[in-house]
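Report on the following structure.
The values are calculated or read from the model by the stated rules, or taken from the named source; none is laboratory data. Note that the coordinates shown come from a computational prediction; the quantities given were computed from them, not determined experimentally. Here the Cβ positions follow ideal geometry from the backbone for every residue, glycine too, while neighbour counts run over all protein chains shown. To get the accessible areas, we keep the full protein, side chains included, count just its heavy atoms, and leave off ligands, DNA and RNA. Shrake-Rupley method; radii C 1.70, N 1.55, O 1.52, S 1.80 Å.
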Amino acid sequence: MSFAYQAWLLNPFALMSLAIVTGWFLGKIRIGRFELGISGIMFTGMFIGWAVLQYAQGIPDGSPVFNTARSLIAADIIDKIYLDLFIILFIASVGLSSAKDIGAVMKKYGLKFIILGFVITAVGAGGTYAAALINKDINPYEAAGVYVGALTSSPGLGAALETAKEEARLKIGKYEKMAGDEQDRVLRVLDPSGALRAENTPVLNEEQKNQFVKNAEAGVGTGYAVGYPFGVLIVILPMYLLPVIFRINTQAEKKAYSLEIARAGSAKENGLLPENAFDLAAFAVVCVFGYTVGMIDVDLSALGLGHFSLGATGGVLIGALVLGHIGRLGPLNFRMEEKILGSIRDIAVGFFLAAVGLRYGHHAFDAVLKSGLNLALTAIVVGLAAVLAGFILGRFIFKINWLVLSGAICGGMTSTPGLGAAVDATGSDGPAGGYGATYPFALLGMVIFTIILNKLPML
């Protein structure tokens, strides 16, 4: 009898399950009124992912699991397809659960969500720009990457890459007309070691020009990779900490939320629609419809904004809220029992948080232990500034109920892990309404401010 422990250790399902089990226990540890809850899964996933990556990198050629280890390293521990699968299941279940109340939520808070989406992304962009001006070791492309990473935006990453490429080509075209200091700042992107200087590189050859563009894109990627895990942490922790710090009574907020929905007439209207235990076909239609909506690419080039799409997260959430609010289409019943949707939600968010921790955690460890500490600190400052701006505006100025506001902050940060934490911390699917209403405007703001960041004089 034998046990192939190396193959087991390098198996993504084993790693995700291990992260869930250990994270569940970590999340149960209570310090005063604070506990990590389901988000503990991501923290243990981060450590496990980092440790397994170190182990996989040390497996020698000729080992029976060498190819498996190489595949695991190439996939960043967990293939992105797992993230897409679990995020779709999670978002679909949460969206359907909260869909019956979305009309009342939008009626009461609609314009406030739009403002929140743009304010949160604007504050994040402003913080990023200030950090780049203060810290000259951060080039503008890395700064743009940190911005979209700290606000956990994959669509923003696409906009940052596209804009970085365009701006890099413009700078190359102007290089020979620049003054010495300006040329040196360009050369710092081309060669961070500082070997190239304006006095010995008055012009750039074609190879250097192409490399500059590649380095600009790589800078965005580096900033995003470092900023993302810290951005996730910065939005998750406040979902548990803010109610403790500001003494928000979550149970009282839940009762107030129920009264608000009842006054809006949503509960009465939706009570007329019968619930089904679970409709697999309808659930699948929500996933396919939402994913399709998310893949629609809107060309905003005429406005100087490039391309815009909701992505899988935004598309599935909007699809679930719309179809769930409609309730029924022919034989398809989108009103399903909360208990079943809650079980799907818990399973999906558990595996999703495990996958996020395993896939991105080692970037955070590398940033702290090896390099990129400046980028990590920038991401933390940017994320904190954006979250606090959203909380202060939403809670003290707009007077938004915490259940809805917690989701709106996560939507403004375009953070699905944050939404999972908000749902867990409040014990309600109420945050999904705020998330779904704020998310599209935050995405648009992210694209706009990413482009602006690349055009500002940081070089």
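Could you grab me the full set of residues in the stretch 252-278 that are of a type outside the set (G, A, S) and at pLDDT 65 or above?
Passing the criteria: E253, K254, K255, Y257, L259, E260, I261, R263, P274, E275, N276, F278.
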Given (1) of a type outside the set (V, I, T); (2) buried (at least 19 other Cβ atoms within 10 Å of the Cβ); (3) modelled with pLDDT under 90, identify the lone condition not met by L323.
(3)
Residue hits (the stretch 171-207; among the charged types (D, E, K, R), closer than 19 Å to A132 by Cβ and open to solvent by 50 Å² or more (accessible area, probe 1.4 Å)) are D181, E182, R185, R188
Has the stretch 35-54 got any residue that is over 26 Å from V226 (Cβ atoms) and at pLDDT 85 or above?
no
Hits in the stretch 127-137 (condition: open to solvent by 10 Å² or more (accessible area, probe 1.4 Å) and β-branched (V, I, T))
I134
Examine the stretch 229-248 for a residue that is at pLDDT 80 or above, part of a helix (DSSP H, G or I), open to solvent by 60 Å² or more (accessible area, probe 1.4 Å) and more than 29 Å from A150 (Cβ to Cβ), and state whether such a residue exists.
no
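One line per residue, one yes/no per condition, for (1) under 30 Å from I48 (Cα atoms); (2) touching a Ser or Thr at 6+ places or on another chain (Cβ under 9 Å); (3) at pLDDT below 90:
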| residue | (1), (2), (3) |
| --- | --- |
| S343 | yes, yes, no |
| H362 | yes, no, yes |
| K370 | yes, no, yes |
| D429 | yes, yes, yes |
Can we say I409 is open to solvent by 10 Å² or more (accessible area, probe 1.4 Å) and assigned to a helix (DSSP H, G or I)?
no
Quick check on the stretch 111-126. Is at least one of its residues surrounded by fewer than 24 Cβ atoms within 10 Å (Cβ to Cβ), without any contact (Cβ under 8 Å) to a residue 12 or more places away in the chain and aliphatic (A, V, I, L, M)?
yes
Filtering the stretch 412-443 down to residues that are part of a helix (DSSP H, G or I) and in contact with a Lys or Arg (Cβ under 8 Å, 6 or more places away or on another chain), which residue is surrounded by the fewest Cβ atoms within 10 Å (Cβ to Cβ)?
T426
Close pairs from the stretch 402-430: first farther than 19 Å from A442 by Cβ and of a type in the set (A, V, I, L, M), partner open to solvent by 10 Å² or more (accessible area, probe 1.4 Å) and part of a helix (DSSP H, G or I), Cβ under 6 Å, at least 6 apart:
A425/Y240
For F449, state whether it is open to solvent by 10 Å² or more (accessible area, probe 1.4 Å) and in contact (Cβ under 8 Å) with a residue 60 or more places away in the chain.
yes
Taking E253 as the residue in question, decide whether it is buried (at least 19 other Cβ atoms within 10 Å of the Cβ), part of a helix (DSSP H, G or I) and acidic (D, E).
yes
Looking at (1) in contact with a helix residue (DSSP H, G or I) (Cβ under 7 Å, 6 or more places away or on another chain); (2) modelled with pLDDT of 90 or more; (3) part of a helix (DSSP H, G or I), find the lone condition where G294 falls short.
(2)
Could you pull out every one of the helices (runs of 4 or more DSSP H) wholly within the stretch 1-106 that has 1 or more residues that are touching a residue at least 24 places away in the same chain (Cβ under 8 Å), within 16 Å of G357 (Cβ to Cβ) and open to solvent by less than 30 Å² (accessible area, probe 1.4 Å)?
12-27, 40-57, 66-74, 80-98
Of the residues L332, L341, L317, which is in contact (Cβ under 8 Å) with a residue 40 or more places away in the chain and open to solvent by 10 Å² or more (accessible area, probe 1.4 Å)?
L332
